[in-house]
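The values are calculated or read from the model by the stated rules, or taken from the named source; none is laboratory data. All values derive from a computational prediction rather than experimental measurement. Virtual Cβ from ideal backbone geometry, glycine too; neighbours counted across all protein chains shown.
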Amino acid sequence: MMKLTMLLAALVAANLAFAADAPKKKTDFPKKTVVITVPVSAGGGTDLLTRAMAGPLKAKLGQTVIVNNKTGAGGAIGFAAGSSEKPDGYNVTALVAELLTVPQVSTVNFSYKSFVPVCNVNSSYGTITVRADAPYNTLQEFVAYAKAHPGEVKIGNSGVGGIWHFVAAAFASEAGIVVNHIPFEGGGSAVVALAGGHVDAVPVTPQEVEVQVKAGKAKILTVLAPKRLDEIANVPTAEELGFKNLVFTIWRGFGVPKGTPDEVVAVLRNAFKAVLDDPQVTEFMASKHFAKDFKDSKDFYAMMEREEAVYALQAAKLGLKK
């Protein structure tokens, strides 16, 4: 019996060793043009970043890379098109945070689970930013003011059901305050309204309020990030101030339709990772204050899974859930 056990153990060990030494499945991908669908308008940050990466990607992959904008319905048209393409690696979709919010407020045939995440390449984070002349200088003072004036504090957002609407609602819920949500056509419009004194706060990225902060028209009370940001290292995170569950990532990444072979995904992931360090891409991202944030498939998926749960909860609370 002892000899049989030892023999079985040896066979198992041999099989494991063979599996470890076995070469990974190879692929000759790509053999033709790769198309990247961008679900947002030409000229925006996501479009410009994708186009900046397209040239270096062509050199890395050895094939032409085309950027194709399919816009409309808050990104839904592009996401729907990208998720329904043939899962062969030749159809890549630029993924942005609206992939998580659009399904909360609209009846669509896709979700983040419709894609195999290739990688994330850029992340920025939300802030709670108020007017420079506001009678509060810390997040705690702002929350205290809002509690003393329930429903009076106006927080501008990027539109009903938009990402900044959800972020503002999550902040209000976590802080235990009642606020008045004011929708605008986008985060930029909300920032203009803040500078003009039409709203009291906005939950946008540091980049979106940079000009107003430098002009002395706005002040950032906190960043909704896992750690302090280098560019505004004096601003504390919400968690430092006692407010948990308030990390919101405005991310840019890429995905392919569900069912795309793992070995093809790996080729694309390695290409994007290499291109992220290309001098041309590095210079472009620096000029736009886009922070590099490479996340592989596993970490990218985990981030989407975590944040989608928050958006779903807020959509239900706001009565927007479809």
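When N270, N234 are screened for being assigned to a loop (DSSP other than H, G, I, E, B) and either outside the structural domain of L49 (by TED's automatic domain parsing) or surrounded by fewer than 21 Cβ atoms within 10 Å (Cβ to Cβ) (or both), only N234 passes. Tally up the residues in region 211-257 that are on the phi > 0 side of the Ramachandran plot and under 20 Å from the mean Cα position of the chain (by Cα), please. Adding up the residues that qualify gives 1. Confirm whether I66 is under 25 Å from I163 (Cα atoms), of a type in the set (V, I, T), modelled with pLDDT of 95 or more and part of a strand (DSSP E or B). Answer is no for this residue.
Anything in region 134-173 that is part of a helix (DSSP H, G or I), over 18 Å from I220 (Cβ atoms) and of a type in the set (D, E, K, R)? List them, or say none. Residue satisfying the conditions is K147 alone. When F254, F294 are checked against the criterion of being touching a Lys or Arg at 6+ places or on another chain (Cβ under 8 Å), outside any helix (DSSP H, G or I) and either at pLDDT 95 or above or not assigned by TED's automatic domain parsing to the domain that holds A132 (or both), F294 stands alone in meeting it. Whenever a residue of region 51-62 is over 8 Å from V275 (Cβ atoms) and among the basic types (K, R), its partners that are at pLDDT below 95 and surrounded by fewer than 17 Cβ atoms within 10 Å (Cβ to Cβ), lying with C-beta atoms within less than 9 angstrom and at least six residues away or across chains, give the pairs R51/A42. Look at G216 and say whether it is small (G, A, S), touching a residue at least 40 places away in the same chain (Cβ under 8 Å) and either part of a helix (DSSP H, G or I) or outside the structural domain of K113 (by TED's automatic domain parsing) (or both). Against the criterion (small (G, A, S), touching a residue at least 40 places away in the same chain (Cβ under 8 Å) and either part of a helix (DSSP H, G or I) or outside the structural domain of K113 (by TED's automatic domain parsing) (or both)), G216 qualifies.
Reported count of residues in region 149-183, each being out of contact with any Pro (no Cβ under 9 Å at 6 or more places or on another chain), touching a residue at least 60 places away in the same chain (Cβ under 8 Å) and within 17 Å of D200 (Cβ to Cβ), is 2. Remark: T71 falls outside the filter, which requires a residue to be touching a Lys or Arg at 6+ places or on another chain (Cβ under 9 Å), part of a loop (DSSP other than H, G, I, E, B) and of a type in the set (V, I, T).
Cβ-Cβ distances below 6 Å connect the following pairs, each with a first residue in region 82-101 that is surrounded by 23 or more Cβ atoms within 10 Å (Cβ to Cβ), a second residue that is among the basic types (K, R), and a separation of six or more residues or different chains: V96/R252. Being part of a strand (DSSP E or B) and not acidic (D, E) narrows it down to one residue among T37, T46; which is it? Just a single option satisfies the conditions, and that option is T37. Within region 103-115, being surrounded by 22 or more Cβ atoms within 10 Å (Cβ to Cβ) and touching a strand residue (DSSP E or B) at 6+ places or on another chain (Cβ under 9 Å) holds for one residue alone: F115.
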